[in-house]
1. Anything in the stretch 127-175 that is in a strand (DSSP E or B) and more than 27 Å from S69 (Cα to Cα)? List them, or say none.
2. What pairs can you find where one residue is in the stretch 143-171 and closer than 20 Å to P119 by Cβ, the other is assigned to a strand (DSSP E or B) and among the charged types (D, E, K, R), and their Cβ atoms are less than 6 Å apart, with a gap of 6+ or different chains?
3. Regarding K128, is this residue more than 18 Å from R52 (Cβ to Cβ) and basic (K, R)?
4. Residues that are farther than 23 Å from L159 by Cα, touching a residue at least 40 places away in the same chain (Cβ under 8 Å) and small (G, A, S): does the stretch 66-82 have at least one?
5. Please go through the stretch 39-88 and give me each residue that is open to solvent by less than 60 Å² (accessible area, probe 1.4 Å) and among the β-branched types (V, I, T), ordered by number.
6. Does H171 fit the bill of being touching a Ser or Thr at 6+ places or on another chain (Cβ under 9 Å) and surrounded by 14 or more Cβ atoms within 10 Å (Cβ to Cβ)?
7. Test of understanding: among A133, A93, A111, which residue is surrounded by fewer than 11 Cβ atoms within 10 Å (Cβ to Cβ), touching a Lys or Arg at 6+ places or on another chain (Cβ under 8 Å) and of a type outside the set (S, T, Y)?
8. Inside the stretch 36-55, can you point out the residues that are modelled with pLDDT of 50 or more and over 17 Å from Q113 (Cα atoms)?
Amino acid sequence: MRHLNRLRHRRTAALATGALLTAGLALAAPASAAASAAPSARTLTPLVVDARWGGHCTYDRIVIDLQGSVPPVTVTPVPQLVYDGSGKPVPLAGKYFLEIRLHPAAGHDDAGQNVYQGPKLQKISLSKLKGLALTGDYEGYVTFGAAFDTKPAFTTSVLHSPERYVVDVAHPNTC
């Protein structure tokens, strides 16, 4: 009987030791191993799939179409448009420019394939909007540049189903 109790005790101790070692190894695993087991954050990154524009009676509209949620966006007047990464000037004519920056966002999927199907560089002849360019898809930022002949007075909004980010640039009634 004593022999059986010792055996049970040893087996229980061995199982407990194994469980503790397994738990300890899981906690000590490198972050990259833990990250590969969980879904990647990139999978949840909103994808920029298109950009378009339209002229209306009292405003010109830029629409950025997204797959997933609309990320935080900044719209900033800048003295000139440059391509992200290279810093090279964007060849759009205009005197005033807006930089539209979405983050986090991507114009490509996890495999590196482009999902953005819109224009890369487009001259436009609306009342206010004179050009639109994709100026960056770089390290979680997607950036557009918009060109104008006169200083743009703009408002922004988010539309749903499908997800879109909108920049409206006011102009005098043309209808």
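1. Passing the criteria: K130, F148.
2. Taking only residues 6 or more apart or on different chains, the pairs are T143/R101; G145/E99; A147/K130; F148/K130; D149/K130; R164/D65; D168/R61; V169/D60.
3. Here the answer is no, as K128 does not meet what is asked.
4. Within the stretch 66-82 (the criterion being farther than 23 Å from L159 by Cα, touching a residue at least 40 places away in the same chain (Cβ under 8 Å) and small (G, A, S)), the answer is no, since none of the residues qualifies.
5. Listed by number, the residues that qualify are T45, V48, V49, I62, V63, I64, V70, V73, V75, T76, V78, V82.
6. yes
7. Just a single option satisfies the conditions, and that option is A93.
8. A51, R52, W53, G54, G55
The values are calculated or read from the model by the stated rules, or taken from the named source; none is laboratory data. All of these numbers come straight from a predicted model, not from anything done at the bench. No Cβ is skipped: glycine too gets one built from the backbone with ideal geometry, and neighbour counts run over all protein chains shown. Side chains included, ligands, DNA and RNA excluded: accessible areas come from the protein's heavy atoms. Shrake-Rupley method; radii C 1.70, N 1.55, O 1.52, S 1.80 Å.
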